[in-house]
Amino acid sequence: MWVRDGNDSAVPVDVRTGRRGESVWFGRGCLLEDLQAAGRWLLWSCVGSAESQGVYDTVAKTKLTLTEGAWETAKLGDGFVVTGVGDRFEVTDVRSGTPVTHSAGAFQSGQPWDVDPYTGLIAYVDARGDTHVVSSGVPVSALSPLDAAVAGTADVKGGAASWNPKWWLSKAASSWQLVIRNKATGGTVRLLTGRAAQGVIPASWNGKDGAGKLVGNGAYTWTLTAAPADGQGAALTQTGTVKITGATPVRRDFATSDGFGELLTLNSSGGLTYQYGTGTGTLTGKKTGSAWPTNAKFVPYGDVNGDRCNDVLVRYAGGTLGGPVGSGCG
């Protein structure tokens with residue numbers, strides 16, 4: 001949500017967390033009279049000594065002034081602005097960074113009218129009370145993400161909990177699919193699909209593959225594809241990664257639950273160390289426990305006690321087998 005930040009600027013606020021984003025300044029002397037938001041765009045109107053009107057691109061972080069010394073009642077679309085001038089609607093396309101204006105439909109001063117930001121349709125009421133709908137003449141916006149809440153990590157707790165990403169869309173989608181792949185191998189582990197989505201796509205994955213078995217702990221890539229319900233523009237595609245824990249421990253992954261095996265070493269002082277593996281033949285970081293007998297043998301093993309963490313068995317010099325040790329996944 002965009003809110004006033006003093007007289008001459010506005011700031012975005014995440015309504016889920018209350019966190020404030022980067023403020024947008026509209027110029028010295030601006031007394032902000034009106035502010036509209038659609039997609040990546042802001043329409044600002046200033047009165048006072050710096051009377052003006054224009055659009056701000058929140059992605060490119062550029063400001064484009066449309067009028068100075070005056071401003072019109074205007075409606076913001078996704079990359080365009082509509083004003084009523086004389087007996088016509090004036091449509092200004094700002095997506096290129098250079099305003100291009102053309103006329104569209106009949107305008108009747110004092111009568112109600114509005115614009116669909118994403119289809120570009122203009123609806124107005126004439127003096128007789130009849131409602132008309134005309135095209136603004138600008139290309140229909142492609143399906144795009146307005147916001148997202150996608151966690152980069154998730155503890156699925158053996159399938160009892162889920163990774164729950166969510167995407168907010170600029171317009172409706174007729175269908176969507178979320179493909180989840182093992183980052184190391186590239187193999188698909190789960191395909192989630194949905195039908196019509198009216199502005200939001202919520203997905204949920206409990207860390208299980210298509211056969212209902214828990215996947216291995218580690219990194220996974222995801223690809224979201226959504227088809228626009230109006231058939232206009234290309235399908236939306238979003239990608240990312242998520243680290244899954246609380247699933248099945250990967251062989252020899254003892255300390256980090258990243259899906260890569262660790263190297264187990266014992267020094268002459270009794271320091272037993274997990275050397276963190278990277279999956280590429282190198283090591284990064286370590287964790288050491290002290291006071292272990294230097295004449296013991298340590299045998300990396302799987303999950304002995306069912307806590308979804310790999311364990312290590314210990315064979316002492318006298319022949320006794322002990323363990324498991326190392327539970328807790330680091």
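The values are calculated or read from the model by the stated rules, or taken from the named source; none is laboratory data. From a predicted model like this one, the values you see are computed outputs, not experimental measurements. All Cβ positions, glycine included, derive from the backbone under ideal geometry; neighbour counts span all protein chains shown. Just so you know, the surface numbers come from the protein's heavy atoms only, side chains and all, with ligands and any DNA or RNA stripped out. Shrake-Rupley method; radii C 1.70, N 1.55, O 1.52, S 1.80 Å.
Numerical summary
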| read-out | value |
| --- | --- |
| Residues that are open to solvent by less than 40 Å² (accessible area, probe 1.4 Å) and either over 27 Å from Arg16 (Cα atoms) or in a strand (DSSP E or B) (or both), drawn from segment 183-203 | Gly187, Val189, Leu192, Gly194, Ala197, Ile201 |
| Matching residues, segment 109-148, being outside any strand (DSSP E or B) and either among the aromatic types (Phe, Trp, Tyr) or open to solvent by 70 Å² or more (accessible area, probe 1.4 Å) (or both) | Ser109, Gly110, Pro112, Tyr118, Ala127, Arg128, Pro139 |
| Residue list for segment 295-317, restricted to those being part of a loop (DSSP other than H, G, I, E, B), modelled with pLDDT of 90 or more and open to solvent by 80 Å² or more (accessible area, probe 1.4 Å) | Asn295, Tyr316 |
| Identity of the residue in segment 204-249, at negative phi and without any contact (Cβ under 8 Å) to a residue 40 or more places away in the chain, that ends up least open to solvent (accessible area, probe 1.4 Å) | Val215 |
| Single match in Asp303, Asp230, Asp253 (criterion: among the acidic types (Asp, Glu), out of contact with any strand residue (DSSP E or B) (no Cβ under 7 Å at 6 or more places or on another chain) and under 30 Å from Val140 (Cβ atoms)) | Asp230 |
| Output for segment 250-278, where each listed residue is in contact with an Asp or Glu (Cβ under 8 Å, 6 or more places away or on another chain) and either open to solvent by less than 30 Å² (accessible area, probe 1.4 Å) or at positive phi (or both) | Arg252, Asp253, Phe254, Ala255, Gly259, Glu262, Gly277 |
| Matching entry among Leu32, Leu64 (being in contact with an Asp or Glu (Cβ under 7 Å, 6 or more places away or on another chain), in a strand (DSSP E or B), surrounded by fewer than 20 Cβ atoms within 10 Å (Cβ to Cβ) and not small (Gly, Ala, Ser)) | Leu32 |
| Residue in segment 75-98 that is under 29 Å from Gly21 (Cα atoms), among the aromatic types (Phe, Trp, Tyr) and open to solvent by 60 Å² or more (accessible area, probe 1.4 Å) present | no |
| Residue within segment 158-165 that is modelled with pLDDT under 95, assigned to a loop (DSSP other than H, G, I, E, B) and open to solvent by 60 Å² or more (accessible area, probe 1.4 Å) present | no |
